[in-house]
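Only one structure is covered here, and it is reproduced in the block below.
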Amino acid sequence: MGSCAAVEEFSEVRVTDRKGEEYIIRLYDHTKDREKVIEMYETFNPELRCLGLPPTTRKGIENWIDYLASSGFGLVAERDGRIIGHVVIVPTEDKKNVDVTIFVHQDAQNRGVGQELMKRIIEYAKKAGYRGIMLVTERTNARAIHVYRKLGFEVVDPYFEYDMYLDLRDGK
Ligand SMILES: CC(C)(COP(=O)(O)OP(=O)(O)OC[C@H]1O[C@@H](n2cnc3c(N)ncnc32)[C@H](O)[C@@H]1OP(=O)(O)O)[C@@H](O)C(=O)NCCC(=O)NCCS
């Protein structure tokens with residue numbers, strides 16, 4: 001991907017969730033983790049899908065994961081060898097910003113995992129020199145909007161879906 005200078009600098013972190021259970025956040029490794037991430041999405045509660053994602057078929061999930069791996073930078077949250085959360089940034093066409101996508105498996109939601117993953121990817125994007133992080137969510141997705149706002153994202157286009165942006169430049 002674009003300015004990937006900080007890739008080597010991401011080291012695994014051990015985190016305790018809000019129920020007192022430990023998990024790790026580490027770099028996504030497409031060779032080792034592809035199958036485990038697909039499994040997370042194959043068992044993802046379809047009622048919690050957002051903007052048509054994750055895809056509902058195995059083939060659709062594979063294509064999506066392969067696309068994200070080839071064009072972006074990802075982190076996973078893992079507990080007992082199982083992937084419970086996945087966040088990816090993909091540079092925009094002009095390479096100045098990144099788009100972020102995040103999913104936490106329903107078994108691990110509401111324990112702070114999403115916020116931890118977001119914090120790490122924000123730090124990474126900042127270090128890598130991106131100007132900001134963009135995302136789109138559904139206007140009815142109160143939990144996701146709460147998390148994004150808490151981390152500093154602002155709504156930039158509320159008319160159809162919710163377009164939000166986090167400016168990473170110093171002093172902003
Ligand atoms: C959105 C998502 C990534 C957040 O991850 P998570 O691990 O569940 O979130 P966290 O536990 O870190 O934080 C949840 C926060 O939302 C709050 N929350 C929970 N339900 C809420 C609701 N219905 N409305 C508003 N806030 C809510 C929690 O209190 C917590 O806030 P707090 O830290 O101030 O107490 C995850 O829930 C998810 O994958 N959802 C389904 C898919 C999705 O919406 N993805 C987003 C891309 S569109």
**OP:** Would you be able to tell me the number of residues in the range 73-103 that are surrounded by fewer than 21 Cβ atoms within 10 Å (Cβ to Cβ), within 15 Å of the ligand (Cβ to nearest atom) and closer than 13 Å to TYR130 by Cα?
**Re:** 2
**OP:** Count, please, the residues in the range 29-70 that happen to be over 22 Å from ALA144 (Cα atoms) and within 14 Å of the chain's Cα centre (by Cα).
**Re:** 1
Original post:
Only one of (1) buried (at least 21 other Cβ atoms within 10 Å of the Cβ); (2) outside any helix (DSSP H, G or I); (3) within 12 Å of the ligand (Cβ to nearest atom) fails for TYR130. Which number is that?
Top reply: (3)
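Condition first: touching a residue at least 12 places away in the same chain (Cβ under 8 Å) and surrounded by fewer than 14 Cβ atoms within 10 Å (Cβ to Cβ). Now tell me which residues in the range 43-55 satisfy that.
THR43, ASN45, LEU51
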Original post:
Any idea which residue in the range 104-123 is nearest to the ligand (Cβ to nearest atom), counting only those that are in a helix (DSSP H, G or I) and of a type in the set (D, E, K, R)?
Top reply: GLU116
Subject >> Failed condition for ILE84, given (1) in contact with a Gly (Cβ under 9 Å, 6 or more places away or on another chain); (2) part of a strand (DSSP E or B); (3) under 25 Å from ILE145 (Cβ atoms) >> reply: (1)
Subject >> Conditions (1) more than 25 Å from ILE38 (Cα to Cα); (2) free of Cβ contacts under 8 Å to residues at least 40 places away in the same chain; (3) outside any strand (DSSP E or B): number failed by MET164 >> reply: (3)
Subject >> Subset of the range 133-152 (residues that are crowded, with 17+ Cβ neighbours inside 10 Å, without any contact (Cβ under 8 Å) to a residue 60 or more places away in the chain and within 6 Å of the ligand (Cβ to nearest atom)) >> reply: VAL147
Original post:
Of (1) surrounded by fewer than 20 Cβ atoms within 10 Å (Cβ to Cβ); (2) touching a residue at least 40 places away in the same chain (Cβ under 8 Å); (3) closer than 22 Å to GLU42 by Cα, ASP107 satisfies all except one. Which?
Top reply: (2)
Subject >> Near pairs, Cβ below 6 angstrom, 6+ apart or cross-chain, from the range 112-124 (within 20 Å of ASN97 (Cα to Cα)) to any residue that is modelled with pLDDT under 95 and part of a helix (DSSP H, G or I) >> reply: none
**OP:** Please tell me if LYS119 is out of contact with any Asp or Glu (no Cβ under 8 Å at 6 or more places or on another chain) and either of a type in the set (D, E, K, R) or surrounded by fewer than 19 Cβ atoms within 10 Å (Cβ to Cβ) (or both).
**Re:** yes
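The values are calculated or read from the model by the stated rules, or taken from the named source; none is laboratory data. Predicted, not measured: the structure shown is a model, and the values here were computed from it. Because the Cβ atoms are built from the backbone with ideal geometry, glycine has one as well, and the counts that use them run over all protein chains shown.
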